[in-house]
Amino acid sequence: MAKNKKRKKTGLSKIDMEKAVSLLNDPLFLYKACRRIGKLGVIGEKRNRVILALAGIARTFPKPPSVLIKGPTSSGKSTLVRAALQLFPPDCVVERAGLSEKALAHGKGSLANKILFIHEYRCGKAAQQLLRLLQSEGKIVHEFTTLGLGKRGTRTVQRVGSPVVITTTTPEVKVFEDDATRFLSSDVDASPSQNLAIVTARAQEPKSVNRKDLPIWQTAMSLLKYKKGDFEHPPKWLKYVAKHLPLDNVRVRRDWDRLLTFSSAIALCRSFGCGQPVDIEFSDYCVAYHVLEPVFASTLRGLPTQEFILAEAVRKLNYQLKRAVTVHEVAKKLNRKEPVVYKHIKRAVRHKLIEYESGTREKNVKRLLAGKEASGFLPHPKLVLKRNPEIGRKVKYVDPFTGKWRKVER
């Protein structure tokens, strides 16, 4: 009887529970999460899929991150967020169309270990002050006036818990600076190639979305929890990374906390079932750099993420080929059409993220070099590895966008 009651509560058979554990033990877990979100109706947006999955996984951490998805109207921001949140147990997701000024204080239940999805940033503006307190302090204590039997008095209500706050906004809506520093801001892909991919997918015969395995994913996500003793012994090489951040900008303090939290979430995925306290490893930093560096750099400089992705591609090609590169080569590496890449290149050159090779060449082909301003937020993993020999000579990690093993070596 006890077993039957347990199965009724979880909704999973013993075999399905074993599938959830097997999923967590798979080195490709993050890649499979990214792919699963895609199968729920999201075209492209692999970077944002992984960011949202990691943010949700970090909901049990002492400092859970918040994410602001930015993009034009009709760019699929809400579709993206809703798809990602389907991987998490419904009882840990709190979805709101909007919030009145004091709603967060009077709401019932703790928001600890929750994901609070506010449809649009502007719909929660009235509650911004209390939301900031939850994000920073994890607690609201609100005193308000009461009137009964002709007598005035006061009562106090309290709400605890720092949720992962996820919301969306459009470029024309002003995000107050106090709010902006509390979110990791990530742009959706609004490029012509992304538009083509979406309209092409919609032109095909509609496919029903398979949700049968979602309870397994939700159980897997519920098993990923921060435990006391985790992340208490940070590696020495993290100090090197910290010293090479853009320390002239005070925002770096909160972005550094976010980087550590996302890296910890990656480590939690990697080490499930090890039975030991979890700490960040260099492979986790490599994954975090691969996913987050363009987003951090974009936020820091106030420039579009796509320009930093382009600049990073140019830098990698410069290193691999030992020369300046052509637009064709960059487009091929990014798997994009040349006219789209060329448009971003002109902007990146203007912002000094990329520069043209000096001199003239045959057929007036302008070749590209990484610009003086191409350095972003985090030091490149190759540089960290080179300067910290205790890490080793070679480190492997799984690319969460492709599922392929990559390596960093001296």
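The values are calculated or read from the model by the stated rules, or taken from the named source; none is laboratory data. Keep in mind that what you see is a predicted model, and the values were worked out from it rather than measured. Counting neighbours? That spans all protein chains shown, and the Cβs are built from the backbone with ideal geometry, glycine included. For accessibility, only protein heavy atoms count, side chains too; no ligands or nucleic acids. Shrake-Rupley method; radii C 1.70, N 1.55, O 1.52, S 1.80 Å.
Overview of results
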read-out: With Cα atoms, 0 to 90° folded angle of helix 46-57 axis to the chain main axis; value: 30 degrees
read-out: Counting all C-alpha pairs of the range 195-282, share separated by more than 19 Å (%); value: 61 percent
read-out: Dipole of the range 62-158, positive end: most advanced residue of ILE115, PHE144, ALA84 [Cβ charges, Cα centre]; value: PHE144
read-out: Radius 15 Å from Cβ of ARG82, net charge of other residues (Lys, Arg +1; Asp, Glu -1); value: +3
read-out: Lysines whose Cα lies under 22 Å from that of LYS207, excluding same-chain neighbours fewer than 8 positions away; value: LYS32, LYS39, LYS46, LYS77
read-out: Sequence-distant residues sharing a close amide H with PHE183 (under 5 Å, placed H); value: none
read-out: Cα pair distances of the range 230-356 binned at 10 Å [whole percent]; value: 11, 34, 29, 20, 5, 0
read-out: Karplus-derived HN-Hα couplings along the range 345-352 (A = 6.51, B = -1.76, C = 1.60, θ = phi - 60°), whole Hz, x at Gly and Pro; value: 5, 4, 6, 5, 5, 4, 8, 6
read-out: Cleavage-rule hits (GluC sites (Glu not before Pro)) in the range 141-196: DSSP loop, at most 13 neighbouring Cβ within 10 angstrom; value: GLU172
read-out: Solvent-accessible surface ranking, highest first, for LEU87, LEU149, LEU30 at 1.4 angstrom; value: LEU149, LEU30, LEU87
read-out: Amide H contacts of LEU368 (H built 1.01 Å from N, under 5 Å, at least 5 apart or other chain); value: VAL325, THR326, GLU357
read-out: Solvent-accessible area, 1.4 Å probe, carbon plus sulfur percent, for the range 257-379; value: 50 percent
read-out: Relative packing of 243-252, 155-164, 103-112, 287-296, which averages over residues the other C-beta atoms within 10 Å, highest first; value: 287-296, 155-164, 103-112, 243-252
read-out: Shape parameters for the range 1-124, alpha-carbon atoms, Rg then Dmax in Å; value: 16.7, 54
read-out: Mean shadow area of the range 142-203, taken as a quarter of the surface of its Cα convex hull (nm²); value: 9.2 nm²
read-out: The chain, dipole about Cα centre (Lys/Arg Cβ +1, Asp/Glu Cβ -1), debye to the nearest 20; value: 660 debye
read-out: Relative contact order (%) - the range 50-157, alpha-carbon pairs under 8 angstrom, separation at least six; value: 21 percent
read-out: Interchain or long-range residues, amide H under 5 Å from PHE231's placed H; value: VAL278, ASP279
read-out: Under 28 Å from LYS239, Cα to Cα: lysines that are on another chain or at least 8 residues apart; value: LYS63, LYS225, LYS227, LYS228, LYS316, LYS372, LYS382, LYS386, LYS394, LYS396, LYS407
read-out: Pairwise FRET efficiency - ARG393 versus VAL173, Cβ, R0 = 35 Å, nearest 0.05; value: 0.15
read-out: Distance in nm between pseudo-label sites at THR79 and VAL21 (7 Å out along the Cβ direction from Cα); value: 3.8 nm
read-out: From phi via Karplus (6.51, -1.76, 1.60), per-residue ³J(HN,Hα) for the range 216-221 in Hz, x at Gly/Pro; value: 5, 4, 5, 5, 4, 5
read-out: For VAL175, solvent-accessible area (1.4 Å; no DNA, RNA or ligand), Å²; value: 40 Å²
